[in-house]
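The values are calculated or read from the model by the stated rules, or taken from the named source; none is laboratory data. Quick caveat, the model's predicted, so the values are computed rather than measured. Methodologically, a virtual Cβ is constructed for each residue, glycine included, from the backbone with ideal geometry; neighbour enumeration extends over all protein chains shown.
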Amino acid sequence: MGYKPLDRRRLSEQVCEQLEDMIARGQLVPGDVMPSEKELVSRFEVSRLTIREALLALQQKGLVDIRNGERVRVTEPSLDRMVAALSGAARLYLTHNAGIRDFQNLRRVIEIAVVREVAGNHTPEDLSLIEACLVANQAALTDPVRFAETDVAFHEAIVKAAKSPLLSGLNQALSGWLRGQRDVTLAHEGVAQAAFDGHAAIFEAIAAGNANEACDAMDRHLKAIERFFWQP
């Protein structure tokens, strides 16, 4: 394994970057025991504290597992770890209006792309699940708590039909991060019916295999929900 000289940035960041690069290149693979603290101190010519900070940073990224009394090991990449690593920053970002708008835009981009794929490529089972979620959503129109749950389930069913674990995980994370938006939006009179109508239009386009209309319906739906959110 090759170690590079360090520059003037924070030393722990540089150590973390080099170790992360080794993992990315396959020089260290999941299950491997990381070099000992003593060896890393010698290789990088830094203090034990610097090495520990670098290893903790790798742990926060979900790349290594640190346990008391055991050697540090490289871990298998995990979507859950990736989302967990992003969650703190995401929630902080969402404390600002600009951050909320950015996440709303991100959600719209992702869900429009997903519904295009699903409209053009879905199974009868996919369609049945989406329809069942739509029926449950309609049945919950007068129950705000249940409506929110069925709203999430409807969108999750569409993403699930795309057959991408990464998209499903990202959608679940976005749904969790934007939960506050959903709660605020559903407090407005008429929003549940408007949301259901949007869902129905999306489903009809998917069922017809009309990708362009499905994208337009999803875009109209999400923009309408966003407008409700930003109303005083």
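Any idea which residue in the stretch 61-99 is surrounded by the fewest Cβ atoms within 10 Å (Cβ to Cβ), counting only those that are of a type in the set (Lys, Arg) and part of a helix (DSSP H, G or I)? If we take residues in the stretch 61-99 being of a type in the set (Lys, Arg) and part of a helix (DSSP H, G or I), then ARG91 is surrounded by the fewest Cβ atoms within 10 Å (Cβ to Cβ).
Residues of the stretch 188-210 being under 15 Å from ARG227 (Cα atoms) and touching a residue at least 12 places away in the same chain (Cβ under 8 Å), which ones?
If the condition is that a residue be under 15 Å from ARG227 (Cα atoms) and touching a residue at least 12 places away in the same chain (Cβ under 8 Å), then HIS188, VAL191, ALA192, GLN193, ALA194, ALA195, GLY198 are the ones that fit.
All of (1) of a type in the set (Gly, Ala, Ser); (2) in contact (Cβ under 8 Å) with a residue 12 or more places away in the chain; (3) on the phi < 0 side of the Ramachandran plot hold for SER42 with one exception: (2).
The one condition from (1) within 19 Å of SER12 (Cα to Cα); (2) not assigned by TED's automatic domain parsing to the domain that holds TRP177 that ALA85 does not meet is (2).
Can you work out which of the residues in the stretch 1-51 that are assigned to a loop (DSSP other than H, G, I, E, B) and small (Gly, Ala, Ser) is modelled with the lowest pLDDT?
GLY2
Scanning the stretch 139-171 for residues being part of a helix (DSSP H, G or I) and touching a residue at least 40 places away in the same chain (Cβ under 8 Å) gives a total of 14.
Only one entry of SER175, SER164 meets the criterion of being touching a helix residue (DSSP H, G or I) at 6+ places or on another chain (Cβ under 6 Å), polar (S, T, N, Q), surrounded by fewer than 21 Cβ atoms within 10 Å (Cβ to Cβ) and assigned by TED's automatic domain parsing to the domain that holds PHE103, and that entry is SER175.
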